[in-house]
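S.K.: Got a structure for you, written out below as C-alpha coordinates; questions coming shortly.
The values are calculated or read from the model by the stated rules, or taken from the named source; none is laboratory data. Treat the numbers as computed from the prediction; the structure is a model and nothing was measured. Because the Cβ atoms are built from the backbone with ideal geometry, glycine has one as well, and the counts that use them run over all protein chains shown. The protein model used for the area step is the full one, side chains on, heavy atoms only, and it has no ligands, DNA or RNA in it. Shrake-Rupley method; radii C 1.70, N 1.55, O 1.52, S 1.80 Å.
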Amino acid sequence: DVKVTQSSRYLVKRTGEKVFLECVQDMDHENMFWYRQDPGLGLRLIYFSYDVKMKEKGDIPEGYSVSREKKERFSLILESASTNQTSMYLCASSSAPEQNYGYTFGSGTRLTVV
Amino acid sequence: AQTVTQSQPEMSVQEAETVTLSCTYDTSESNYYLFWYKQPPSRQMILVIRQEAYKQQNATENRFSVNFQKAAKSFSLKISDSQLGDTAMYFCASRITGTASKLTFGTGTRLQVTL
(Lines give C-alpha, C1' and ligand atoms only; values in the text may rest on other atoms or scores of the structure.)
Protein backbone atom coordinates (compact mmCIF):
# COMPACT_ATOMS: atom_id res chain seq x y z
CA ASP A 1 0.00 0.00 0.00
CA VAL A 2 1.05 3.55 -0.68
CA LYS A 3 2.02 5.39 2.44
CA VAL A 4 2.09 9.10 2.90
CA THR A 5 3.72 10.00 6.18
CA GLN A 6 3.50 13.35 7.86
CA SER A 7 6.20 13.84 10.43
CA SER A 8 4.06 15.34 13.19
CA ARG A 9 0.52 14.60 14.24
CA TYR A 10 0.29 17.62 16.54
CA LEU A 11 2.43 20.72 16.59
CA VAL A 12 2.34 23.87 18.71
CA LYS A 13 4.37 26.87 17.58
CA ARG A 14 4.69 30.48 18.60
CA THR A 15 3.72 33.44 16.47
CA GLY A 16 6.60 34.51 14.25
CA GLU A 17 8.36 31.15 14.27
CA LYS A 18 9.45 29.49 11.06
CA VAL A 19 7.61 26.19 10.79
CA PHE A 20 8.39 23.18 8.64
CA LEU A 21 5.79 20.51 7.93
CA GLU A 22 7.29 17.42 6.35
CA CYS A 23 5.64 14.87 4.11
CA VAL A 24 7.19 11.71 2.69
CA GLN A 25 5.65 9.18 0.30
CA ASP A 26 7.09 5.78 -0.48
CA MET A 27 5.62 4.86 -3.86
CA ASP A 28 7.59 7.03 -6.26
CA HIS A 29 4.64 9.31 -6.96
CA GLU A 30 5.28 12.28 -9.20
CA ASN A 31 2.55 14.51 -7.75
CA MET A 32 2.39 15.86 -4.22
CA PHE A 33 -0.02 18.29 -2.63
CA TRP A 34 -0.52 20.32 0.53
CA TYR A 35 -4.07 21.07 1.65
CA ARG A 36 -5.39 22.99 4.60
CA GLN A 37 -8.58 21.76 6.30
CA ASP A 38 -10.79 24.08 8.33
CA PRO A 39 -14.32 23.47 9.68
CA GLY A 40 -16.95 24.72 7.29
CA LEU A 41 -14.37 25.39 4.57
CA GLY A 42 -13.41 21.88 3.57
CA LEU A 43 -9.98 21.26 2.08
CA ARG A 44 -8.22 24.07 0.29
CA LEU A 45 -5.12 23.61 -1.81
CA ILE A 46 -2.04 25.54 -0.71
CA TYR A 47 0.68 24.31 -3.08
CA PHE A 48 1.37 21.34 -5.28
CA SER A 49 4.27 19.85 -7.17
CA TYR A 50 4.44 17.66 -10.26
CA ASP A 51 8.15 17.00 -10.17
CA VAL A 52 11.31 17.53 -8.19
CA LYS A 53 12.17 21.22 -7.69
CA MET A 54 8.89 22.17 -9.32
CA LYS A 55 6.01 23.88 -7.53
CA GLU A 56 2.70 25.50 -8.36
CA LYS A 57 0.52 27.77 -6.26
CA GLY A 58 -2.84 26.50 -5.22
CA ASP A 59 -5.83 28.49 -4.07
CA ILE A 60 -4.40 29.90 -0.81
CA PRO A 61 -0.59 30.16 -1.09
CA GLU A 62 -0.19 33.40 0.86
CA GLY A 63 2.01 32.99 3.90
CA TYR A 64 3.35 29.62 2.76
CA SER A 65 6.17 28.27 0.66
CA VAL A 66 7.21 24.73 -0.29
CA SER A 67 10.29 22.74 -1.09
CA ARG A 68 10.72 19.58 -3.10
CA GLU A 69 14.37 18.65 -3.33
CA LYS A 70 13.70 14.91 -3.59
CA LYS A 71 10.87 13.10 -5.28
CA GLU A 72 9.60 11.46 -2.12
CA ARG A 73 9.60 14.53 0.11
CA PHE A 74 7.45 17.65 -0.03
CA SER A 75 7.84 20.24 2.69
CA LEU A 76 5.45 23.04 3.60
CA ILE A 77 7.06 26.10 5.16
CA LEU A 78 5.41 28.81 7.19
CA GLU A 79 7.98 31.59 7.04
CA SER A 80 6.52 33.48 10.00
CA ALA A 81 3.69 31.62 11.65
CA SER A 82 0.55 33.55 12.53
CA THR A 83 -2.50 32.57 14.57
CA ASN A 84 -4.68 32.46 11.45
CA GLN A 85 -2.54 29.58 10.23
CA THR A 86 -3.80 27.39 13.06
CA SER A 87 -5.35 24.53 11.14
CA MET A 88 -5.16 20.91 10.05
CA TYR A 89 -2.66 20.36 7.24
CA LEU A 90 -3.01 17.37 4.94
CA CYS A 91 -0.40 16.11 2.50
CA ALA A 92 -1.36 13.94 -0.47
CA SER A 93 0.33 12.25 -3.39
CA SER A 94 -0.66 10.62 -6.65
CA SER A 95 0.91 8.82 -9.54
CA ALA A 96 0.86 10.91 -12.72
CA PRO A 97 -0.52 8.12 -14.92
CA GLU A 98 -3.10 7.19 -12.28
CA GLN A 99 -4.06 10.58 -10.90
CA ASN A 100 -7.62 10.13 -12.08
CA TYR A 101 -7.92 7.37 -9.50
CA GLY A 102 -7.63 9.86 -6.67
CA TYR A 103 -4.98 10.79 -4.19
CA THR A 104 -3.45 9.07 -1.18
CA PHE A 105 -3.46 11.22 1.93
CA GLY A 106 -1.37 11.39 5.06
CA SER A 107 -2.97 11.45 8.50
CA GLY A 108 -2.62 15.19 8.87
CA THR A 109 -0.75 17.58 11.13
CA ARG A 110 -2.84 19.67 13.50
CA LEU A 111 -0.91 22.91 13.90
CA THR A 112 -1.67 25.38 16.64
CA VAL A 113 0.00 28.79 16.54
CA VAL A 114 -0.09 30.64 19.88
CA ALA B 1 -12.79 27.26 -12.06
CA GLN B 2 -14.44 24.33 -10.39
CA THR B 3 -16.70 24.55 -7.38
CA VAL B 4 -18.13 21.76 -5.27
CA THR B 5 -21.05 22.33 -2.91
CA GLN B 6 -22.21 20.14 -0.05
CA SER B 7 -25.31 21.66 1.49
CA GLN B 8 -25.69 19.30 4.44
CA PRO B 9 -23.17 20.11 7.20
CA GLU B 10 -24.41 17.28 9.42
CA MET B 11 -26.56 14.20 9.03
CA SER B 12 -27.60 11.35 11.23
CA VAL B 13 -28.79 7.85 10.38
CA GLN B 14 -29.66 4.79 12.38
CA GLU B 15 -27.67 1.64 12.02
CA ALA B 16 -28.84 -0.57 9.13
CA GLU B 17 -30.74 2.31 7.51
CA THR B 18 -29.93 4.05 4.23
CA VAL B 19 -28.70 7.62 3.95
CA THR B 20 -27.95 9.89 1.00
CA LEU B 21 -25.39 12.66 1.05
CA SER B 22 -25.80 15.44 -1.49
CA CYS B 23 -23.20 17.09 -3.66
CA THR B 24 -23.43 19.49 -6.56
CA TYR B 25 -20.58 20.79 -8.65
CA ASP B 26 -19.93 23.32 -11.32
CA THR B 27 -17.46 23.02 -14.16
CA SER B 28 -17.30 24.12 -17.77
CA GLU B 29 -15.15 21.14 -18.69
CA SER B 30 -16.52 18.04 -20.35
CA ASN B 31 -13.95 15.56 -19.06
CA TYR B 32 -13.70 15.22 -15.33
CA TYR B 33 -13.84 12.82 -12.43
CA LEU B 34 -15.86 12.91 -9.24
CA PHE B 35 -14.94 11.41 -5.91
CA TRP B 36 -16.27 10.78 -2.44
CA TYR B 37 -13.75 10.66 0.38
CA LYS B 38 -14.35 9.54 3.95
CA GLN B 39 -12.45 11.00 6.89
CA PRO B 40 -13.02 9.06 10.13
CA PRO B 41 -11.88 10.37 13.53
CA SER B 42 -8.44 8.92 12.79
CA ARG B 43 -8.18 11.73 10.19
CA GLN B 44 -7.01 9.38 7.42
CA MET B 45 -8.77 10.36 4.20
CA ILE B 46 -10.04 7.27 2.43
CA LEU B 47 -11.33 7.12 -1.12
CA VAL B 48 -14.85 5.70 -1.05
CA ILE B 49 -15.90 5.82 -4.67
CA ARG B 50 -15.11 7.54 -7.96
CA GLN B 51 -17.08 8.30 -11.11
CA GLU B 52 -15.88 9.16 -14.59
CA ALA B 53 -18.05 11.87 -16.09
CA TYR B 54 -18.14 10.19 -19.49
CA LYS B 55 -19.72 7.06 -18.00
CA GLN B 56 -23.47 7.11 -17.62
CA GLN B 57 -23.56 4.10 -15.34
CA ASN B 58 -23.52 4.98 -11.66
CA ALA B 59 -20.52 3.68 -9.75
CA THR B 60 -21.01 1.23 -6.88
CA GLU B 61 -18.65 -0.13 -4.23
CA ASN B 62 -20.33 -2.64 -1.95
CA ARG B 63 -22.73 -0.65 0.28
CA PHE B 64 -21.77 2.65 -1.36
CA SER B 65 -23.29 3.89 -4.60
CA VAL B 66 -23.68 7.20 -6.35
CA ASN B 67 -26.46 8.90 -8.22
CA PHE B 68 -24.68 10.83 -10.96
CA GLN B 69 -26.88 13.32 -12.79
CA LYS B 70 -24.58 15.00 -15.28
CA ALA B 71 -27.04 17.51 -16.67
CA ALA B 72 -27.98 18.64 -13.19
CA LYS B 73 -24.31 18.49 -12.06
CA SER B 74 -25.31 16.42 -9.08
CA PHE B 75 -23.31 13.60 -7.50
CA SER B 76 -24.95 12.16 -4.39
CA LEU B 77 -23.63 9.30 -2.28
CA LYS B 78 -25.94 6.60 -0.97
CA ILE B 79 -24.84 4.45 1.93
CA SER B 80 -26.93 1.34 2.42
CA ASP B 81 -27.11 -0.76 5.58
CA SER B 82 -25.28 1.93 7.55
CA GLN B 83 -22.75 0.74 10.09
CA LEU B 84 -21.24 2.43 13.11
CA GLY B 85 -17.91 2.48 11.29
CA ASP B 86 -19.43 4.74 8.65
CA THR B 87 -19.41 7.60 11.16
CA ALA B 88 -17.08 10.15 9.57
CA MET B 89 -16.77 13.35 7.59
CA TYR B 90 -17.56 12.81 3.93
CA PHE B 91 -16.09 15.04 1.26
CA CYS B 92 -17.17 15.31 -2.33
CA ALA B 93 -14.44 16.29 -4.79
CA SER B 94 -13.95 16.88 -8.48
CA ARG B 95 -10.99 16.86 -10.81
CA ILE B 96 -10.83 17.84 -14.46
CA THR B 97 -8.55 15.74 -16.63
CA GLY B 98 -5.16 17.06 -17.58
CA THR B 99 -1.73 17.24 -16.02
CA ALA B 100 -2.02 20.62 -14.33
CA SER B 101 -5.18 19.77 -12.48
CA LYS B 102 -6.08 19.26 -8.86
CA LEU B 103 -8.82 17.93 -6.63
CA THR B 104 -11.36 20.53 -5.58
CA PHE B 105 -13.28 19.66 -2.43
CA GLY B 106 -16.62 20.54 -0.95
CA THR B 107 -17.03 21.67 2.64
CA GLY B 108 -17.94 18.22 3.91
CA THR B 109 -20.86 16.47 5.60
CA ARG B 110 -20.46 15.03 9.06
CA LEU B 111 -22.35 11.73 9.25
CA GLN B 112 -23.24 10.17 12.56
CA VAL B 113 -24.49 6.58 12.62
CA THR B 114 -26.48 5.79 15.76
CA LEU B 115 -27.72 2.59 17.36
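S.K.: Taking only the alpha-carbon atoms of the protein assembly as shown, what semi-axes of the equivalent ellipsoid follow from 5 times the gyration tensor eigenvalues under a square root, in whole Å, largest first?
M.R.: So the equivalent ellipsoid measures 29, 21, 16 Å along its semi-axes.
S.K.: Right, next: Strictly over 22 Å apart at the Cα level, which of A:Lys13/A:Lys71; A:Lys3/B:Lys38; A:Lys57/B:Lys38; A:Lys57/B:Lys70 would you flag in this model?
M.R.: Exceeds cut-off: A:Lys13/A:Lys71; A:Lys57/B:Lys38; A:Lys57/B:Lys70.
S.K.: I would also like to ask the following. Between the DSSP loop rule and a limit of at most 16 other Cβ atoms within 10 Å, which trypsin sites (Lys or Arg not before Pro) in the range A:61-109 are left?
M.R.: In loop regions of the range A:61-109 (DSSP not H, G, I, E or B), the sparsely surrounded trypsin sites (Lys or Arg not before Pro) are A:Lys71.
S.K.: Add +1 for every Lys or Arg and -1 for every Asp or Glu among the other residues with Cβ under 13 Å from the Cβ of B:Trp36, and state the total.
M.R.: Values: positive: B:Lys38, B:Arg50, B:Arg63, B:Lys78, B:Arg95; negative: B:Glu61, B:Asp86.
Result for the neighbourhood of B:Trp36: +3.
S.K.: Still on this structure: Can you put A:Leu90, B:Leu47 in order of accessible area, largest first, using a 1.4 Å probe?
M.R.: Descending order: B:Leu47, A:Leu90.
S.K.: Something else now. Looking only at the range A:1-20, which residues have a backbone nitrogen under 17 Å from a spot 7 Å from the Cα of A:Asp28 in the C-beta direction?
M.R.: A:1-4
S.K.: With the Cα gyration tensor of chain A in hand, give its eigenvalues times 5 under a square root as the equivalent ellipsoid semi-axes, listed largest first in whole angstrom.
M.R.: The three semi-axes for chain A are 23, 14, 13 Å.
S.K.: Would you kindly state how much longer the chain becomes between A:Ala96 and A:Val52 on full extension, computed as 0.36 nm times their sequence separation minus their alpha carbon distance, in nm to one decimal?
M.R.: 14.5 nm
S.K.: More than 16 angstrom separation, counting every C-alpha pair in chain B; what % is that?
M.R.: When every Cα pair of chain B is considered, 57 percent fall beyond 16 Å.
S.K.: So, for the protein assembly as shown, what is the accessible surface per residue at a probe of 1.4 Å, expressed in square angstrom?
M.R.: Using a 1.4 Å probe on heavy atoms only, each residue of the protein assembly as shown averages 48 Å².
S.K.: Okay, moving on. From the phi angles alone, apply the Karplus equation (6.51, -1.76, 1.60; θ = phi - 60°) to the range B:5-15 and give each ³J(HN,Hα) in whole Hz, x where the residue is Gly or Pro.
M.R.: Per residue, the Karplus-derived 3J(HN,Hα) values read 10, 10, 8, 10, x, 9, 9, 9, 9, 7, 3 Hz.
S.K.: At what distance in nm do the modelled label points of A:Thr83 and B:Thr20 sit from each other, each positioned 7 Å from its Cα along Cα→Cβ?
M.R.: 4.4 nm
S.K.: Moving on. Work out the mean other chain Cβ neighbour count within 10 Å for the residues of A:42-52 and drop it here as an integer.
M.R.: That average works out to 3.
S.K.: In square nanometres, what is the average projected area of the Cα convex hull of the range A:64-114? Don't skip to the end; give the middle numbers.
M.R.: Details: hull surface 17.5 nm².
Its average projected convex-hull area is 4.4 nm².
S.K.: Give the B-A buried accessible area in Å², both sides summed, 1.4 Å probe, nearest 100. Present the calculation step by step, with values, prior to reporting the outcome.
M.R.: Details: alone 6570 and 6440 Å², together 11060 Å².
Counting protein atoms only, the buried area is about 1900 Å².
S.K.: Moving to a separate point now. Over all residues in A:86-94, what is the mean tally of Cβ atoms on other chains that come within 10 Å of each residue's Cβ?
M.R.: 1
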